[in-house]
Amino acid sequence: APGGTVYKLGADGEWVSTGRLPAQRDESADSEQDFDYVGNLVGWDIDMVDTVQGLTVCGGKLYAFPLYHRGVFSLDASGSGWEYCGDPGVRLFALAAYHGQLFAAGNQGGDPETGELVGGVYAYLGDGEWGPREIQRGVSQVYSFAELNDEFYCGTWPEARVYRRPADGVGDWVDCGRMGEEKEVMGMITCAH
């Protein structure tokens, strides 16, 4: 059954709804197929957000996104509703804050000019605008983020490669190698011992 509601733990130990993420349509899409990721899921509707796939905090605000609908949302100042923050034009898999900027990992697909697979990492520019941030060649989906020693990493598909963003944020991502014969890096985390 579709979900899409974010809850917060109240002072009394009870869970309180902050509301459901609002579905957003891409009005510039050529057809419903261009933005209907849920059409093949029985009982799910383009006008009802399906899930909450990911959450992160950036700049003191809570951000969330669904899995099969497009859009990134921030919790409004009252904590009881969600505001649309645009989207980079692709289905998303992860959000992360790095050096005070919000990043999204997406399902980019192939380069329309060359047919080459290119991955998608996007940065939130504010006011509902998103911009691409360097790409990973040979990658069609970016699934995860992690930070280690003040460096920013992303996990990808179809070869389970991890890439590191250059320290100055300029130029191509550095290929840190493949994880055995795996296909995708769905999650990463760093920890200190």
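Over the stretch 119-193, give the accessible area per residue in Å² for a 1.4 Å probe, as an integer. Display every interim value, and only then the final one.
Values: 4150 Å² over 75 residues.
Per residue, the stretch 119-193 has an accessible area of 55 Å².
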- Relative contact order for the stretch 139-193 using alpha-carbon pairs under 8 Å, separation at least 6, rounded to a whole percent? 36
- First check a/c for the stretch 48-104, with a ≥ b ≥ c the square roots of the eigenvalues of its C-alpha gyration tensor; if it is under 1.5, answer rounded, and if not, answer prolate when a/b is larger than b/c or oblate otherwise. oblate
- Could you work out how far apart the two model spin labels at Glu113 and Glu182 are, taking each label as a point 7 Å from the Cα in the direction of the beta carbon, and quote it in nm? 3.3
- Query: How much net charge surrounds Asp150 when only other residues with a Cβ under 13 Å from its Cβ are counted (Lys, Arg +1; Asp, Glu -1)?
  - Reply: -1
- Collect residues whose amide H, placed 1.01 Å from N in the peptide plane, falls under 5 Å from the amide H of Gly54; neighbours closer than 5 in sequence don't count. Phe65
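Which FRET efficiency value, to the nearest 0.05, do you get for Glu129 and Val170 by plugging their Cβ-Cβ distance into 1/(1 + (r/R0)^6) with R0 = 22 Å?
Working: r = 20 Å, r/R0 = 0.91.
With a Förster radius of 22 Å, E is 0.65.
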- Interchain or long-range residues, amide H under 5 Å from Gly19's placed H: Val6
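Could you work out how much longer the chain between Glu151 and Lys8 gets when fully extended? Use 0.36 nm per residue separation minus the Cα distance between them, nm to one decimal.
Values: separation 143, 0.36 × 143 = 51.48 nm, distance 3.05 nm.
Contour length minus the Cα-Cα distance gives 48.4 nm.
Rounded to the nearest 0.05, what FRET efficiency do Ser80 and Asp47 give with R0 = 22 Å and r taken as the Cβ-Cβ distance? Could you check?
Details: r = 21 Å, r/R0 = 0.96.
The pair Ser80/Asp47 has a calculated efficiency of 0.55.
The values are calculated or read from the model by the stated rules, or taken from the named source; none is laboratory data. Remember, it's a predicted structure, so these values are computed and weren't measured experimentally. Ideal geometry is used to build each Cβ from the backbone, glycine not excepted, and the neighbour counts take in all protein chains shown. For the accessible areas, the whole protein counts, side chains as well, though only heavy atoms, and no ligand, DNA or RNA atoms are used. Shrake-Rupley method; radii C 1.70, N 1.55, O 1.52, S 1.80 Å.
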